[in-house]
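Okay, structure first, notes after.
Each value in this text was obtained by applying a stated rule to the coordinates, not by laboratory testing. What you are looking at is a predicted structure, and each value in this text was computed from that prediction instead of being measured. Heads up, the Cβs are rebuilt from the backbone with ideal geometry, glycines too, and the neighbour counts pull from every protein chain shown.
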Amino acid sequence: MSSDNAIIVSHLSKKFQIYDKPRDRLLQMLTLGRKHFYREFSAVKDVSFTVAKGETVGIVGRNGSGKSTLLQLICGTLNPSGGDIKTYGRVAALLELGSGFNPEFSGRENVYMNAAVLGLSKAETDARFDEIERFAEIGEFIDQPVKTYSSGMMVRLAFAVAINVDPQILIVDEALSVGDERFQRKCFARIEAIKSTGATILFVSHSGNAVIELCDRAVLLDAGEKLAEGPPKFIVGQYQKLLYAPADKVETVRKDIRAAVALNTSVETEMSFTVENTPTVLTEEDYELDEFYDPNLISKSTLSYESHGAVISKARVLDEAGEQVNCLKRGGTYRYTYIVNFAVPAVAVRFGMMIKSLGGVELGGGTSASKFQDAVATVNHNTELQVEFTFQCNLNPGTYFLNAGVVGVIAEGETYLHRLIDACMFRVLPVMDNVATGPVSFNCEAIYTELANTHD
């Protein structure tokens with residue numbers, strides 16, 4: 001088993017003792033455990049999963065679900081109350097901002113101390129120090145006490161150390177959300193590079209896009225329990241559904257997720273869709289198809305968030321003539337429409353849409369109003385509105401999904417009145433002599449000019 005897995009977590013539990021008053025701790029010590037002056041809080045409850053060598057797994061869940069505690073247990077900074085953990089390979093962990101740093105030491109001194117904890121000799125750290133310093137981008141602060149650092153500087157330095165010790169297992173807790181976009185992109189690129197070497201990566205993130213883009217698999221935790229694990233797109237969808245559920249509906253959503261997993265429908269059924277009659281050999285005639293509607297091209301991964309007084313329905317794509325289509329031509333202009341029924345009055349109402357790739361990565365979208373004052377001022381109850389977004393299909397051939405959402409102000413304040421994930425799907429038809437790369441076509445044109453003839 002150890003030859004195939006990097007991390008094995010078996011029936012893992014962690015309980016903390018919660019004391020209402022400081023004196024209760026002393027009383028607990030004096031009674032030698034004969035009487036309890038504390039309440040037990042279970043942060044992790046009977047969690048089991050494995051991570052294969054070379055696999056990247058994301059941990060998602062609401063605040064307080066036990067994600068960080070789980071990572072600390074795996075790294076050994078916390079002892080479990082029950083269960084077992086096995087890791088196979090050098091572990092580099094970035095658990096929280098500057099964890100393990102001595103605030104009185106300089107950045108340079110902390111680099112050597114952290115590297116030693118991770119198993120590097122001084123000579124090995126010497127050889128990697130310049131790269132660590134370049135990656136952290138903190139300049140002359142490298143020789144200043146860490147207590148003078150901003151949180152962003154601290155985590156950048158800690159991240160630079162963790163990824164430069166050649167980890168076989170890299171464990172990261174929300175560090176990818178720190179820093180500007182350029183630094184975040186550099187972190188993602190380095191993680192991709194570490195992943196390409198065959199390293200195992202386990203990380204917590206509140207960014208659904210990051211989990212979908214980076215991970216092979218994801219695990220959903222809630223209230224210390226493992227509710228589900230499976231393809232990142234499905235798990236992130238269930239996490240977001242749980243995240244936006246009203247307090248009185250949370251347990252119902254939890255039961256629905258457990259039921260889906262128990263029936264083994266979560267992975268195969270929710271993630272699947274039917275695409276029939278796709279030609280296996282494309283001819284020139286196949287490239288000349290006009291847009292059309294394929295009744296077999298129907299999303300089966302649609303997720304409906306809890307309604308707060310509005311319901312979205314009849315999401316579809318229309319061509320310029322008003323006909324429903326789901327097989328589109330690149331460069332064509334289309335209308336994405338849906339109906340919203342309001343059961344309660346709302347003010348400052350805005351509508352939105354988002355196009356996502358097959359893997360769940362957000363490619364772009366739009367909203368009906370960017371400013372609060374430009375929103376629909378008032379919508380009365382029992383009102384039905386048709387929403388329409390016009391867009392140009394600048395996507396390369398492939399399969400895509402559309403989201404739909406409506407936001408408004410009701411008694412509880414501004415919130416999603418309703419939201420549909422993967423409300424409908426469409427396919428972009430093949431393009432003859434396609435030179436565009438990636439999911440989005442930017443109409444790039446290559447021009448090359450001979451600057452000099454180097455031949456005699």
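What to note about this one:
- A P(r) calculated from all alpha carbon pairs of the chain, with 20 Å bins opening at zero, reads 20, 46, 30, 4, 0 percent.
- Residue pairs, from the table Lys67/Lys233; Lys35/Lys226; Lys195/Lys300, whose Cα atoms sit over 21 Å apart: Lys35/Lys226; Lys195/Lys300
- Long-range HN-HN contacts of Phe105 with modeled amide H, under 5 Å: Val146
- Dipole orientation for the range 305-436: of the candidates Val317, Val376, Ser307, Val317 has the Cα lying most toward the positive pole (charges on Cβ; Lys, Arg +1; Asp, Glu -1).
- Quarter of the Cα convex hull surface for the range 293-364, i.e. its orientation-mean projected area (nm²): 6.5
- Paramagnetic label zone (point 7 Å from Cα along Cα-to-C-beta, Val311; backbone N under 12 Å) in the range 332-349: 340-344
- Scoring 231-238, 327-334, 76-83 by mean Cβ neighbours within 10 Å over their residues and listing the highest first yields 231-238, 327-334, 76-83.
- Panel values: the range 1-121, Kirkwood radius from alpha carbon pairs, Stokes-Einstein at 4 °C and 1.567 mPa s, translational diffusion coefficient 76 µm²/s.
- Counted charge near Ile339, where neighbours are those whose Cβ lies closer than 14 Å (Asp, Glu -1; Lys, Arg +1): +1
- Where only DSSP H runs of four or more residues are counted, the chain gives -7500 deg cm²/dmol as its mean residue ellipticity at 222 nm, each run worth -39500 (n - 2.57).
- Taking the Cα centre of the range 276-428 as origin and assigning +1 to Lys and Arg Cβ atoms and -1 to Asp and Glu Cβ atoms, the resulting dipole is close to 560 debye.
- Across the chain, C-alpha contacts under 8 Å between residues 6 or more apart give a mean separation that, scaled by the residue count, equals a relative contact order of 13 percent.
- Evaluating 6.51 cos²θ - 1.76 cosθ + 1.60 at θ = phi - 60° for every residue in the range 397-407, the Karplus couplings come out as x, x, 10, 9, 10, 10, 9, 9, x, 9, 10 Hz, glycine and proline recorded as x.
- Percentage of interatomic Cα-Cα distances in the range 276-428 larger than 21 Å: 47
- Relative to the longest principal axis of the Cα atoms of the chain, the long axis of helix 107-117 lies at roughly 80 degrees.
- The residues neighbouring Val325, those whose beta-carbon lies less than 12 Å from its own, together hold a net charge of -2 under the Lys/Arg +1, Asp/Glu -1 convention.
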